[in-house]
1. Taking all protein chains as present, what is the carbon and sulfur share of the accessible area of the range 5-119, in % to the nearest whole number, probe 1.4 Å?
2. Cross-link list Lys12/Lys103; Lys78/Lys103; Lys66/Lys145; Lys33/Lys103: which exceed 25 angstrom alpha carbon to alpha carbon?
3. Sort the range 1-127 into rounded, prolate or oblate with this rule: let a ≥ b ≥ c be the square roots of the eigenvalues of the Cα gyration tensor; rounded if a/c is under 1.5, and if a/c is not under 1.5, prolate when a/b is larger than b/c, oblate otherwise.
4. Give the peptides 102-109, 31-38 in descending order of average Cβ contacts within 10 Å, highest first.
5. Given an 8 Å cut-off on Cα distances and at least 6 residues of separation, report the relative contact order of the range 1-143 as a percent.
6. Please list 57-64, 44-51, 22-29, 131-138 highest first by mean number of surrounding beta-carbon atoms within 10 Å per residue.
7. From the square roots a ≥ b ≥ c of the eigenvalues of the alpha-carbon gyration tensor of the range 38-102, which class results: rounded (a/c under 1.5), prolate (a/b over b/c), or oblate?
8. Under the Karplus relation 6.51 cos²θ - 1.76 cosθ + 1.60, θ = phi - 60°, what is the ordered set of whole-Hz ³J(HN,Hα) values for the range 38-47, x standing for Gly and Pro?
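The values are calculated or read from the model by the stated rules, or taken from the named source; none is laboratory data. Everything numeric here is computed off the predicted structure, so don't read it as measured data. Note that we place each Cβ from the backbone using ideal geometry, even for glycine, and neighbour counts take in every protein chain shown. All accessible areas refer to the heavy atoms of the entire protein, side chains included, with ligands and DNA or RNA removed. Shrake-Rupley method; radii C 1.70, N 1.55, O 1.52, S 1.80 Å.
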Amino acid sequence: ISSNCGEMYLAKTSVTGTGEITHSHLVEDRVTKEDNPRLVSCVPVRRATLDTIVRELNIPSPFLIKIDVDGHEIEILKGATLSLREAGIVVIEAPLNRTGVSKFFARAHYMLDSGFVLMDVVDLSYYDGILWQADLVFVRNDVVKSISRLTPFEGRDFNFSGDNWYALNDAKFRNFEK
């Protein structure tokens, strides 16, 4: 899935050196082991927009979109203009490490510009003790506004006391999750 239709190549690589596929990414041109010694295989794949796929499968709305494609997220979003209007929730993986944090902000800005609100950050992943990536949960603005529980501060003052506020490690929060 991409920003336009056609053909691309799926390059499958192994960071373990065993030949076990650990990562894959889309490339415009065929890659060889000479180009990338970690390459396991490179195969042609159909490239289509998310809008095309949703239309072909006749997916009823509203629906949830989950994107986790190791760096191709913005290209998928560019091909999802109509789908974003129909999706209630979009979950996007985003890097938070030193070199990837700009991608985090790019994805967040794209979604905000597309009419979504960042509602949560979940599935925090750590590498060698360092926060490496997380999933960003976006909810479409009109959905947020239609559910009063999602807009608790509109029309009233924020209050740190009472049962409305709790820390993540608070027993009330753990009970709320269940």
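1. Numbers: 3640 of 6690 Å².
That share works out to 54 percent.
2. Numbers: Lys12/Lys103 22 Å; Lys78/Lys103 15 Å; Lys66/Lys145 22 Å; Lys33/Lys103 28 Å.
Distance filter (> 25 Å) returns Lys33/Lys103.
3. Working: a/c = 2.28, a/b = 1.36, b/c = 1.68.
Oblate is the answer for the range 1-127, as a/c is 1.5 or above yet b/c matches or exceeds a/b.
4. Taking the mean over residues of other Cβ atoms within 10 Å, the ranking is 102-109, 31-38.
5. On the way: 266 pairs, mean separation 28.6, N = 143.
Relative CO of the range 1-143 lands at 20 percent.
6. On the way: 57-64: 9.9, 44-51: 16.5, 22-29: 13.2, 131-138: 19.0.
Packing proxy ranking, top to bottom: 131-138, 44-51, 22-29, 57-64.
7. Details: a/c = 2.66, a/b = 1.31, b/c = 2.03.
Note, shape of the range 38-102 comes out oblate.
8. Values per residue, Gly and Pro as x: 7, 5, 9, 7, 9, 10, x, 9, 5, 10 Hz.
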